[in-house]
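Worksheet: one structure, shown below.
The values are calculated or read from the model by the stated rules, or taken from the named source; none is laboratory data. Since the model is a prediction, treat every value here as computed from it, not as a measurement. With ideal geometry, Cβ positions are generated from the backbone for all residues, glycine too; neighbour counts draw on all protein chains shown.
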Amino acid sequence: MFIEPTQKGIKKGWIEVICGSMFSGKTEELIRRLKRAQIANQTVEIFKPKLDTRYDIMDIVSHDDNRIRSTPIEHVQSLLLLTSQVDVVGIDEAQFFDQDLPDVAHQLANSGTRVIVAGLDMDFKGKPFGPMPELLAKADYITKLHAICVKCGDIATFSYRKHTEGDTVFLGTKEEYEPRCRGCYNI
């Protein structure tokens, strides 16, 4: 594959993964990194799953209402068509995408694109979630964020769902989920 040269030599790409439980600040950190890339006059494209309409149909929105414009997509293969000549690709809620996401991120990084992905590393059952395990394995940089346990105030790494019926994929907010530490999650 041809790698486009830059003024400083070879254009280098990589994969950054921001993971953790719900309410740990993953989207906030993703938005922060993407805005810094925009300030640096880099070409940035941002994507989220089409099914995530919790706060806005188009924008990626953190629980603190920080937001950035994005393109909702249904299939990750469309990223390859929508990201030519892009310096940075941002992807939120990665756990909701299909198993092609790690390979697509790998292709983008190999073509010289910086890929920043944010998502839950575990579902509400404490199991690895969607394409996240393989993304973590392929990542060049990993940031694991922690929330605060609502029960005891310790560091929370689990997303506790207040009801257990229904599918694993269930979009929700503080009414449906809460961050818990290992001890309080297992009570």
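Could you please tell me which pairs satisfy a Cβ distance under 6 Å, a separation of 6+ or placement on different chains, a first residue in the range 135-163 that is within 21 Å of residue 186 (Cα to Cα), and a second residue that is acidic (Asp, Glu)?
Once the first residue is within 21 Å of residue 186 (Cα to Cα) and sits in the range 135-163, its partners that are acidic (Asp, Glu) give 150/178; 160/178; 162/176.
Quick one: in the range 39-61, of everything that is closer than 13 Å to residue 116 by Cβ and β-branched (Val, Ile, Thr), which residue is modelled with the lowest pLDDT?
Looking only at the range 39-61, we keep the residues that are closer than 13 Å to residue 116 by Cβ, and these are 42, 44-48, 60.
Imposing the further condition that a residue be β-branched (Val, Ile, Thr) reduces the set to 44, 46, 60.
Details: 44: 96, 46: 95, 60: 79.
The qualifying residue modelled with the lowest pLDDT is 60.
Just for the range 38-70: of the residues that are under 14 Å from the mean Cα position of the chain (by Cα) and of a type in the set (Ser, Thr, Tyr), which one is surrounded by the fewest Cβ atoms within 10 Å (Cβ to Cβ)?
Here the answer is 62.
Quick one: would you say residue 36 is over 18 Å from residue 94 (Cβ atoms), outside any loop (DSSP other than H, G, I, E, B), of a type in the set (D, E, K, R) and at pLDDT 90 or above? Before you say what the answer is, go through the steps one by one.
Details: over 18 Å from residue 94 (Cβ atoms): yes; outside any loop (DSSP other than H, G, I, E, B): yes; of a type in the set (D, E, K, R): yes; at pLDDT 90 or above: yes.
Considered against the rule, which asks whether it is over 18 Å from residue 94 (Cβ atoms), outside any loop (DSSP other than H, G, I, E, B), of a type in the set (D, E, K, R) and at pLDDT 90 or above, residue 36 comes out as yes.
Show the residue pairs meeting these rules: Cβ distance below 6 Å; 6+ apart or different chains; first residue within the range 95-114 and surrounded by fewer than 22 Cβ atoms within 10 Å (Cβ to Cβ); second residue charged (D, E, K, R).
Cβ pairs passing all conditions: 106/138; 112/4; 112/11.
Among the residues of the range 16-33, what is the count of those that are of a type in the set (Val, Ile, Thr) and assigned to a strand (DSSP E or B)?
Narrowing the range 16-33 to residues of a type in the set (Val, Ile, Thr): 17-18, 27, 31.
Adding the requirement that they be assigned to a strand (DSSP E or B) leaves 17-18.
Total meeting the criteria: 2.
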